[in-house]
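What follows is a single structure, written as C-alpha cells, with notes after it.
The values are calculated or read from the model by the stated rules, or taken from the named source; none is laboratory data. Here the structure is a predicted model, which is why all the values come from computation and not from measurement. So basically every Cβ, Gly included, is an ideal-geometry build from the backbone, and we count neighbours across all protein chains shown. These accessible areas exclude ligands, DNA and RNA; they are computed on the full protein's heavy atoms, side chains included. Shrake-Rupley method; radii C 1.70, N 1.55, O 1.52, S 1.80 Å.
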Amino acid sequence: MPVTEWVRDTGGGIPYEHTTGIAHASTWGALHGMFLLADSRQAWTNATWIHAPGVAQSDGSIVSTADFFFSAKRPSATASIGTAQDLGIEIWTEQPFNLWAAAGATASLHVQVANGSNTTRAVDLDWWVKDFNGTRLTFGNLTGSVPAGGTWDHVISVPTSAAGIATAEVAASYGGQEAFARTNIAVLGAHSYQSGSESMFGMANYPWLQVPSADALMDLWQLAGVNRVRIAYDGGPGLPPAEFDARGMAHNVELQPDLTVDAEAAATWAQVNTDIAVAAGAEYFEVGNELNRPFNTGQAAQAYIDKAIRPVRDYVTSIGADVKLLNNGLAGMDEPWVENFIAGGGWDLIDGFAYHPGRGNFTPDYIPSGDDWDEGPTGTYWNFLGGLRRLQALMAVHGEKEVWLTEAYACTRPNGWWNDTYRAAAENVFLTLALAKAEGIRNVCWYQFHDSVLGKPQVANPEDVEYHFGLVNRDTSLKPSLLAYATAARELDQATPRGWLAFADPLAKGLLFDTPAGEAAVLWHRADGYVLNTDHDPAGRDFAAPEVWEDHWPTKTGLSVKAAGTSLTRVDCIGQRSAVAVSGGKATVTLDGAPRLFLGTDLAANLVA
C-alpha cells in the first residue's frame with residue numbers, strides 16, 4: 001500500500017496528499033513484516049516478488065534499496081516510526097467508504113499519532129469537521145503523551161451530516177511541527193432505481209480498485225445509480241460479465257486496434273476481438289479509444305475505417321452477431337474527423353456514435369463562439385455542450401445515431417485553474433448529467449470511479465492530472481462528485497425531457513423534465529459567466545482553490561416561477577432538499593451559477609419552441 005502525507009500548498013488553496021513511499025506487508029500473527037520502498041508498481045508485485053526499481057550507479061551497476069520493519073502497528077505508523085519522523089498521523093473510520101445510510105448516526109473517526117523520535121512527547125491534537133454548507137459539526141483539541149517510537153490512539157465522535165457530506169481534518173503538532181490528515185464522511189440512503197438496462201448512467205472503467213472488496217464496491221456503484229460498465233469480458237481486467245449479470249447490470253466491451261497493421265492483421269484482430277465481445281454478451285462493442293490524434297485534423301479517420309471499424313462490421317455481419325458497434329470514443333468532439341469518417345463511408349458502419357466531451361475550466365453549458373476552436377491542452381476545443389451542438393448539426397444532415405459519452409469527467413487536480421474545485425466538480429457532474437438527459441444521450445460512462453492511476457492504485461500524485469478524475473478519494477471516501485452523480489441518477493432515473501426553458505432574463509437558464517413525481521426543472525443563472533477559476537496567472541497552472549464549502553458564485557438572482565401546487569422542493573447538486581414557499585401560484589427562487597433541481601414547477605409555457 002502507498003504511504004502518504006498531507007501537505008499545505010505554499011501557494012495557497014486546498015491541501016493535498018503526496019506519496020512518501022510504497023509499503024508491502026506480510027502478516028505473522030499479531031506482527032507484520034513491512035518492506036518500505038521509495039517507489040514500486042503494485043501491479044508488478046505478487047506473493048513472491050516485489051517490484052523494487054533500481055537506481056543507476058556511477059560504476060554502471062544498479063542498486064535497489066528498501067527498509068524492512070517488524071511491527072504490530074498500522075503501515076503508516078510503522079513507516080513514520082521506522083524512518084524516524086518526528087510526527088505522523090492517520091485517520092479512518094471502520095465504515096466502508098466512510099459512508100452511512102442515514103443522517104443521525106454517530107461516526108467514530110479513529111486517529112493514530114506516531115512519534116518517530118527517541119523522546120516521549122506531549123502532542124497537541126486539534127480537529128474540526130465541516131459539512132458542504134460550512135456548518136461545523138464538531139471540533140476540539142486535547143494534549144496527549146506519545147511515547148518514543150510509539151503511537152497515541154484517539155476516537156472522535158462525529159454526528160453524520162444531514163447535508164450529505166462533511167470534511168474532517170485532524171492535526172497533531174509539537175514544537176512548531178505539524179502532521180495532519182483529512183477524509184470525508186458521507187450519507188447516502190437506499191434508493192430503488194427503475195430504468196434497468198435503459199438507464200443513462202454508466203462507468204467508463206471496469207472496477208479495478210476493489211477496496212474494501214468487490215462486493216462492497218459494486219454495492220456502492222448500484223447505490224449511486226451506476227447500471228452499465230464500459231468494459232467487461234472473461235479474462236479481462238476488473239470483474240467478469242457474470243458478476244454484472246448477477247446484479248442486473250448492463251455491460252459493453254471496448255478494445256483497442258492498431259491502425260498501422262496490414263489488411264490481413266486488421267481482419268484477424270477484428271475476428272479475435274469481436275469474438276471476445278460476443279462471448280462476453282456485450283450489448284455494444286466500442287472499437288477503440290481516442291484514435292483521432294492529431295486532434296481536429298481528420299487525418300486518422302480513413303485508417304480507422306480501413307483497419308478497424310469496417311473489418312469488425314464485416315465480421316459481425318458474416319457471423320450474424322447482434323452486438324452493436326460504436327466508433328472509437330473520440331477525444332473531444334472532433335468535427336474534421338467525423339466529417340472525414342462520414343465521407344469515407346464510416347457512418348453506415350456504426351450503430352451509435354461515441355466521444356469523450358473533455359472539459360476544462362468551462363461550465364458544461366458553455367458554447368465557444370466562432371469556428372476556430374483551439375485543441376491545445378487548455379483550448380476551447382475541450383468543452384461539453386458546444387461539442388454536442390456540432391455533433392447534432394452533423395447528424396441533422398447525415399442521419400441520427402445514438403450518442404454515447406463513453407468518458408465524461410470532472411477532474412479535481414488540486415489548485416489548478418484548468419480543473420474543477422471540489423465544489424465546482426459536484427455542480428458540473430450534476431449539470432453534465434442533466435444536460436445529457438435533456439439532450440437524449442443514450443449513455444454517459446463516467447471517467448472514473450477512483451482517484452488513482454491504473455497499475456499504481458492509491459499512489460497519491462498531486463501533479464498528475466490523470467490521478468484526479470475519480471468520484472471517490474484516494475482513501476475511498478466519497479467526493480461530493482459521487483453524491484452529485486447519485487442525485488442526478490435518482491432524480492432523473494425515469495425523467496422524460498421536455499426541452500430548454502427561456503425566461504425574460506436571458507441569463508436565467510433551465511431544463512424541463514416530466515418525472516413520475518411530476519414536473520421538474522433544473523435552473524441556474526449565468527450572471528457570473530461560463531468560465532471557472534478566472535483569478536489566476538495565465539502563464540502558470542496554479543490557482544488557490546477555495547475549500548469545498550466556499551460558495552464561488554458571487555451573484556444571486558431572484559427568478560419568479562410558476563408552481564403546480566402549494567410548494568416547491570429544491571434539490572441541490574449533492575441531494576440536499578429544502579422547501580420553497582409558493583404564494584399566488586408562484587415562487588421566487590434564488591439562482592446563481594450552481595444548477596439546482598426544482599420539483600413541482602409548472603413551466604411548460606416557458607419551453608423554447
Long-range HN-HN contacts of T406 with modeled amide H, under 5 Å: Y355, C445
Semi-axes a, b, c in Å (a largest) for region 45-149, each sqrt of 5 times a Cα gyration tensor eigenvalue, come to 36, 21, 13
Near K586, which aspartates and glutamates are there with a Cα under 16 Å away, not counting those fewer than 8 places off in the same chain? E519, D602
Cβ-derived FRET efficiency at R0 45 Å, Q95 paired with K586, nearest 0.05: 0.55
In the structure shown, do any of K130/K479; K130/K556; K509/K562; K509/K556; K401/K437 have a Cα-Cα gap over 19 Å, and if so which? K130/K556
Kindly provide log₁₀ I(q)/I(0) values, in the same order as q = 0.13, 0.20 Å⁻¹, from the Debye equation applied to equal alpha-carbon scatterers of region 510-609. -0.54, -1.02
Express the accessible area of region 445-502 per residue in Å², computed with a 1.4 Å probe while the remaining protein chains stay in the model. 26
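Largest first, what is the accessible-area ranking of R577, R541 with a 1.4 Å probe?
Working: R577 135, R541 60 Å².
Correct descending sequence by accessible area is R577, R541.
Near N415, within a Cβ-to-Cβ distance under 10 Å, what is the net charge of the other residues, with Lys and Arg +1 and Asp and Glu -1? Intermediate results must be reported in sequence, preceding the final value.
On the way: positive: R413, R541; negative: D9, D542.
Local charge sum for N415: 0.
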With θ set to phi - 60° and the Karplus curve 6.51 cos²θ - 1.76 cosθ + 1.60, what are the ³J(HN,Hα) couplings of region 130-143 in order, to the nearest whole Hz, using x for Gly and Pro? 10, 8, 4, 8, x, 6, 7, 7, 6, 7, x, 7, 7, 10
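Which value in deg cm²/dmol, rounded to the nearest 500, describes the helix-derived mean residue ellipticity at 222 nm for the chain, given -39,500 (n - 2.57) per DSSP H run of n ≥ 4 and division by the residue count? Walk me through the numbers on the way to the answer.
On the way: 10 runs with 108 residues, N = 609.
The helix-only estimate for the chain comes to -5500 deg cm²/dmol at 222 nm.
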Could you give each residue of region 73-81 its phi-based ³J(HN,Hα) in whole Hz, using Karplus coefficients 6.51, -1.76, 1.60 with θ = phi - 60°, and x for Gly or Pro? 8, 5, x, 5, 5, 4, 5, 4, 6
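Taking Cα pairs under 8 Å and at least six residues apart, what relative contact order does region 1-101 come out at, in percent?
Working: 137 pairs, mean separation 19.8, N = 101.
For region 1-101, the relative contact order is 20 percent.
What whole-number volume per residue, in cubic angstrom, does the convex hull of the C-alpha atoms of region 215-288 give? Working shown, then result.
Numbers: hull volume 6.5 nm³, N = 74.
Considering the Cα atoms of region 215-288, their hull volume per residue is 87 Å³.
Place a +1 charge on the Cβ of each Lys and Arg in region 404-530 and a -1 charge on the Cβ of each Asp and Glu, then give the dipole magnitude about the Cα centre in debye, rounded to the nearest 20. Each step should come with its number before you reach the end.
Values: 11 positive and 15 negative charges, 15 e Å.
Once rounded to the nearest 20, the dipole reads 80 debye.
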So who's got an amide H within less than 5 Å of the one on A105, skipping anything under 5 residues away but keeping other chains? H placed 1.01 Å off N, in plane. T160
All-pairs alpha carbon distance profile, region 485-532, 5 Å steps from 0, percent: 5, 19, 24, 20, 16, 13, 3
Pop out the ³J(HN,Hα) list for region 343-357 in order, Karplus 6.51 cos²θ - 1.76 cosθ + 1.60 with θ = phi - 60°, rounded to Hz; leave Gly and Pro as x. 4, x, x, x, 4, 7, 8, 10, 9, x, 9, 10, 8, 10, x
Which residues does a label at A72 reach in region 17-37, if reach means a backbone N under 12 Å from a point 7 Å past the Cα toward the Cβ? 29-32
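Determine the per residue accessible area of region 262-301 with all protein chains present and a 1.4 angstrom probe, expressed in square angstrom.
Working: 1730 Å² over 40 residues.
With the other protein chains kept in place, region 262-301 gives 43 Å² per residue.
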About the Cα centre, charge dipole magnitude for region 210-315 (Lys/Arg +1, Asp/Glu -1 at Cβ), debye: 300
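Dividing the convex hull volume of the Cα atoms of region 26-77 by its residue count, what figure in Å³ per residue is obtained?
Working: hull volume 5.1 nm³, N = 52.
Roughly 99 Å³ of hull volume per residue.
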In Å³ per residue, the alpha-carbon convex hull of region 554-609 encloses 94
Can you give the charge dipole size of the chain about its Cα centre, rounded to the nearest 20 debye, using +1 on the beta carbon of Lys and Arg and -1 on the beta carbon of Asp and Glu? 1320
What Kirkwood hydrodynamic radius do you get for region 135-219 when you take the inverse of the mean 1/r over all pairs of distinct Cα atoms, in Å? 17.5
Evaluate the distance, in nm, between pseudo-label points positioned 7 Å from the Cα of A303 and of T106 along their respective Cα→Cβ axes. 6.4
Percentage relative contact order, the chain, counting C-alpha pairs under 8 Å, at least six apart: 11
If N is the number of residues in region 262-324, what value comes out of its Cα radius of gyration divided by 2.2 N^0.38 Å? 1.16
At q = 0.14, 0.19, 0.20, 0.21 Å⁻¹, what log₁₀ I(q)/I(0) does region 465-573 have when each alpha carbon counts as one equal point scatterer in the Debye sum? -0.84, -1.26, -1.30, -1.34
Quick calc, T378 & T10: beta-carbon distance into FRET formula, R0 25 Å, rounding 0.05, result 0.60
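Report the rotationally averaged projected area of region 99-258 based on its alpha-carbon convex hull, in square nanometres.
Details: hull surface 56.9 nm².
Mean projected area for region 99-258: 14.2 nm², to one decimal.
If you take every residue apart from D348 with its C-beta less than 14 Å away from the C-beta of D348, what net charge results, scoring Lys and Arg +1 and Asp and Glu -1? Write down the numbers at each step before the final one.
Working: positive: R310, R313, K324, K401; negative: D314, D351, E400.
Net charge around D348: +1.
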Which one, S481, A495, P506, projects farthest toward the positive side of the charge dipole computed for region 459-526 from Cβ point charges (K/R +1, D/E -1)? P506
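Residues with beta-carbon under 13 Å from that of P240, excluding P240: net charge, scoring Lys, Arg +1 and Asp, Glu -1? Before the final figure, lay out each step's value.
On the way: positive: R247; negative: D234, E243, D245.
Computed value for this residue: -2.
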Consider a paramagnetic label point 7 Å from the Cα of W500 along Cα→Cβ; state which residues of region 378-412 have an amide N under 16 Å from it. 384-394, 396
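Where the accessible area of region 400-557 is counted over protein heavy atoms with a 1.4 Å probe, how much of it, in %, is carbon and sulfur?
Values: 2450 of 4890 Å².
Here it works out to 50 percent.
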Out of T151, G593, F132 - ranked by how far each Cα lies towards the positive end of the dipole of the chain, with unit charges on the beta-carbon of charged residues - the top one is F132
For H525, the residues 5 or more places away or on another chain with a placed amide H closer than 5 Å to its own amide H are K509, D592, G593, A594
